[in-house]
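Contents: one structure, followed by commentary.
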Amino acid sequence: MTVPTPAGRSSREPSQESFREQVHLAARFPDADGTTVRADPRSRSRTGLASFERLAHTAERGLFDFLLLPEGARLPEPVTVLNALAAVTERLGLAATVDTTFNEPFELARRLATLDHVSAGRAAWNVAVSDASLAGENFRRGDRPDHGDRGDRPDRGGLAHSRLRPTGGTETPLARAAEFVQVSRELWDSWTPDGIARPFAHRGRHFDIAGEFTVPRSPQGHPVVIRAGDSSEGREFAASTAEVIFTRHGTLEAGREFYADVKGRLAGYGRDHEDLKIMPEVAFVLGDTAAEARERAAEIRRTQEDPPSGPTANEEPGRRSFVGTPESVAAEIDESVRTGAADGFLLVPHPTPGGLDEFVDRVVPLLQERGLFRTEYTGTTLRSHLGLQEPVWKG
Amino acid sequence: MTPPNGRGLLHLAAAVDQEAAHDVSAHVELARLAESGGFDFVTLGDTFARSGFDALAVLARVAPATTRVGLVPTVTTTHTEPFHVQAAVATLDWVSRGRAGWCIDVSTTEGEARLFGRRHAAPVDALWHEAGQVADVAARLWDSRGSDARTRDEATGRFTGHDGLHPVDFEGDTFSVRGPSAVPRPPQGHPVRVVDATDRHARTTAARYADVALVQGTNPAQVGAIRAELQASALAHGRDPDELRVLAALTVDLGDGERAAEPGHGGGGPRQTAQGPLYRGGPVDLAELIAAWHGTGAADGFHLTPVEPRRDLERLVNGTAALLQHRGLFRTFYPGSTLREHLGLGRPANRYAVTGGTS
């Protein structure tokens, strides 16, 4: 949890004459949820580094805050891809979606801290939660809900089969996720800022671990923590724990409502308005005219691999789409930020030639003209792009 | 591939571990140096027991900065998830375009167990047995999402999904995995599995599942004996022993420059130390030793761990390897692009594929 310093807070007071709310932009690599286009030959080679490199270069050219990689079927493992992308990008934030249900804090915190070192302070973690009943059969933990009582673990005896039986416990995966993030931050804080390793010990409902973390405090202190969620529980998780929240809502009004609600929860956790960035996920389709954009949106929907869920003119429940001319899309973005519906957007580009390039070439300059978006990277870390405080070291 | 004299091609690998392992650019520099010398691969060790980065992550960062050299991080199997480990190794193969390996290791201490809080330390033979099962299921998972259009369920003979999806339904002693993997089949089919077979407990796993075994020894006879044991064991487990490359593992200290090897060291062979066999001498004498050992057929090549990486790796590349190249014993360029090609290992067929394993 960040504790804003007086100095950090005052620098962001909207009292300065030149102050203009800035929009934050991120791009998500399209996953297999329906944004893959069957007819496009480019959608074939989605696994090699080149397809990720291309999107990363476009996002960095567009001065985006970060690139998000999903975790899931038909995709390589995101943290490893981002370590490779760190070699071919310089400023772009690198966000990996990683599940907390079937990972362990020591190992994952170590991988994320390594990514932050390897990228010189550009790492972020999109905290995901798996449905245990679907994925558990691939993991040692099996389909076990967490035990409330740590003492009855049948794997205490060493190499006995460590898949644990379901207990019908009442724990939700999100409760494990919250403790997972908390433990990770304890591990990231276990080295002093001047490079001394100190032992850690954590004993909680889900984790009982102790020892020494192997990675020095990373450039950002803690990688940026992201969480997607619209439910009440998800909002509370974000307000207490996350630094960026992704959300889906279909209209500007719904966005404002969500924004006010989530930002309103921050004070309860001793957090500042600026400590959590709200970034709705949006699709976009551009055209020279509004009619052309609508036609392209319809065309894209026809070629979608899975049942239609792609960028259509506000037909899709849940996700908002920007369909229009670059001018109208820039105006929509401006209005969203100006009227308190969003701090920025997570764009899901259509994986056709030009996918994100079109946005970078045609919309970003308009956002810059409006004074809404940076014209160069002013910092080197993702925290600096997002205007997030360095976490205070808790020794 | 065997040259007329009957000896296999010489393979060279180098460790790029460093004392203060918190400088990624130094790893990049060392890997590029090894690549300039035509080395088959570099290794980067990893353990939860000591300070250091995640090795696979570091070598993923190295991948775009290199084009040919193989990248082999240590990934432990005791406290990690087999399903996640195979995905990360497969992804390293993707981002390196077919240059990934995986040095399999176990975590034996109670201290490491406490970092995870899921199980106690276990006997080393049980851990290596488990590591073998992890190596096994990893290869199955690499095959489970082929890119071939048609795949067949071996049990039922039915054709399955268009994505080449196949469950693996693996039941190990300590874990089970249903599959399939999330990651498409890696470019090499199976990234190269490496096992340090010095510890007797690791030898069965090495013989059954490794593509490359590392063996410590202070003389060719010692290494050759273990090699023969590994080959016999591989044969007994139904493998072609020629599919297993055995590299003699030496720590090298080339600080004495061109001076002749000390008695009992380079000249008379490496000296046994607590860290394993240590060669101390000049790069030229080391080239003589490598040529002589390789000539006996005791090993397919060498895995060299420089005591001072920046200094010694440069001497290995510009002294030792250069001399071996001059004598026609070591490649002067990479004829292939994947690590399997460097090692003269074929691309494994997909066990689930109907047609020729081209997925």
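Below is a table of values for the structure above.
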{"quantity": "Spans of strands (runs of 3 or more DSSP E) in region A:174-267 with at least 1 residues closer than 15 Å to A:THR100 by Cα", "calculated": "A:224-228"}
{"quantity": "Single residue of B:PRO82, B:PRO184, B:PRO191 found to be within 10 Å of chain A (Cβ to nearest Cβ), crowded, with 22+ Cβ neighbours inside 10 Å, modelled with pLDDT of 95 or more and under 23 Å from A:GLY72 (Cβ atoms)", "calculated": "B:PRO82"}
{"quantity": "Residues satisfying the stated conditions in region A:204-220, i.e. among the polar types (S, T, N, Q) and more than 8 Å from every other protein chain (Cβ to nearest Cβ)", "calculated": "A:SER218, A:GLN220"}
{"quantity": "Output for region B:209-233, where each listed residue is buried (at least 20 other Cβ atoms within 10 Å of the Cβ), assigned to a helix (DSSP H, G or I) and touching a residue at least 40 places away in the same chain (Cβ under 8 Å)", "calculated": "B:TYR209, B:PRO220, B:VAL223, B:ARG227"}
{"quantity": "Matching strands (runs of 3 or more DSSP E) fully within region A:25-143 where at least 1 residues are modelled with pLDDT of 90 or more and among the charged types (D, E, K, R)", "calculated": "A:93-99"}
{"quantity": "Scope region A:65-110; condition buried (at least 24 other Cβ atoms within 10 Å of the Cβ) and without any contact (Cβ under 8 Å) to a residue 40 or more places away in the chain; matching residues", "calculated": "A:PRO76, A:GLU77, A:PRO78, A:VAL79, A:THR80, A:VAL81, A:ASN83, A:ALA84, A:LEU85, A:ALA86, A:LEU92, A:ALA96"}
{"quantity": "Residues satisfying the stated conditions in region B:105-129, i.e. out of contact with any helix residue (DSSP H, G or I) (no Cβ under 8 Å at 6 or more places or on another chain), buried (at least 21 other Cβ atoms within 10 Å of the Cβ) and among the acidic types (Asp, Glu)", "calculated": "none"}
{"quantity": "Where A:VAL3 falls short, out of the listed (1) of a type outside the set (Ser, Thr, Tyr); (2) at pLDDT 90 or above; (3) in contact with a Pro (Cβ under 9 Å, 6 or more places away or on another chain)", "calculated": "(2)"}
{"quantity": "Hey, B:VAL95 at pLDDT below 95, within 11 Å of chain A (Cβ to nearest Cβ), crowded, with 21+ Cβ neighbours inside 10 Å and more than 17 Å from the chain's Cα centre (by Cα) or not", "calculated": "no"}
{"quantity": "Subset of region A:87-129 [aromatic (Phe, Trp, Tyr) and closer than 16 Å to B:PHE116 by Cα]", "calculated": "A:PHE102, A:PHE106"}
{"quantity": "In region A:229-249, the residues that are in contact with a helix residue (DSSP H, G or I) (Cβ under 7 Å, 6 or more places away or on another chain) and over 17 Å from A:ALA342 (Cβ atoms)", "calculated": "A:GLU233, A:GLU236, A:PHE237, A:SER240, A:THR241"}
{"quantity": "The lone exception for A:ARG217 - which of (1) at pLDDT below 95; (2) within 30 Å of B:GLY111 (Cβ to Cβ) it fails", "calculated": "(1)"}
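The values are calculated or read from the model by the stated rules, or taken from the named source; none is laboratory data. Computed from a predicted model, the values in this text were never measured in an experiment. Because the Cβ atoms are built from the backbone with ideal geometry, glycine has one as well, and the counts that use them run over all protein chains shown.
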